[in-house]
Amino acid sequence: MKRPDFMGLALTEAEAAAARGEVPIGAVIALSGDVVAKAGNRTRELNDPTAHAEILAIREAGLRLSAERIIDADIYVTLEPCTMCAAAISFARLRRLYFGALDEKGGAVVSGVRFFASPTCHHAPEVYSGIGETQSVALLKTFFRAKRGKVDHRPGT
């Protein structure tokens, strides 16, 4: 039986986020070859700065598995996680992190603060970068190029 394309599913979540006007980031959590949770950014829709794809997927996985920790699961994310999301990945005890594009400005895994290398980090997943990078970068560039070409009339933007 063929294993699902988890990063492909994360990219689909990112595309759905872009269609909602959200920054196109998607995340999928897999356990034993099955999708446990998936999400795209919803910060604007929910008026919640913590509604990043990773956080929403971790919340869903915890609920579905009735567990605080999601041990032996892997997370696939289209963009390098920020500090908040890296901390959530650590606290959830996810086994592996696969991500697409680097985020030199806001990333916290191989860029920025390098959260998992911090002495206060209690759990560091195995990290694999560059998975689906070309598609992730293209999606982000297209989204922001379109944003720059339009005026956003929503409050606070």
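Sequence gap of 8 or more, or different chains, plus Cα separation below 24 Å: how many lysine pairs satisfy both in the chain? Within the chain, the lysine pair count is 6. Treating the stretch 1-46 as a set of equal point scatterers at the Cα positions, no solvent, please give the Debye-formula log₁₀ I(q)/I(0) at q = 0.15, 0.19, 0.22 Å⁻¹. Treating every Cα as an identical point scatterer, log10 I(q)/I(0) equals -0.38, -0.55, -0.67. Each of C85, C121 has its accessible area taken with a 1.4 Å probe; listed largest first, they run C121, C85.
Take D34: with every protein chain present and a 1.4 Å probe, its accessible area is about 90 Å². Helix 53-65 and the longest principal axis of the C-alpha atoms of the chain enclose an angle of approximately 40°.
Placing unit charges on the Cβ atoms of the charged side chains and taking the dipole of the stretch 65-124 about its Cα centre, the candidate lying farthest along the positive direction among H122, L102, I70 is H122.
Translational diffusion coefficient of the stretch 69-157 at 4 °C, 1.567 mPa s, Stokes-Einstein with Kirkwood Rh over Cα pairs, in µm²/s as a whole number. Mind dumping the intermediate values first?
Numbers: Rh = 14.1 Å.
The calculation lands on 92 µm²/s.
In the stretch 37-71, which GluC sites (Glu not before Pro) are in a loop and have at most 15 other Cβ atoms within 10 Å, using DSSP for the loop call?
Values: sites: E45, E54, E60, E68; in loops: E68.
Here the sparse-neighbourhood loop sites are E68.
Given 25 °C and 0.890 mPa s, how large is the Stokes-Einstein diffusion coefficient of the stretch 1-115 in µm²/s, with Rh as the Kirkwood radius over Cα pairs?
Details: Rh = 13.8 Å.
Calculated translational D: 178 µm²/s.
Less than 5 angstrom separates the built amide H of L79 from those of G26, G100, A101, all sequence-distant by 5 or more or on a different chain.
The values are calculated or read from the model by the stated rules, or taken from the named source; none is laboratory data. All values derive from a computational prediction rather than experimental measurement. Using ideal geometry, Cβ is built from the backbone for each residue, glycine included, and neighbour counts are taken over all protein chains shown. Please note that ligands, DNA and RNA were not included when accessible areas were found on the heavy atoms of the full protein model with its side chains. Shrake-Rupley method; radii C 1.70, N 1.55, O 1.52, S 1.80 Å.
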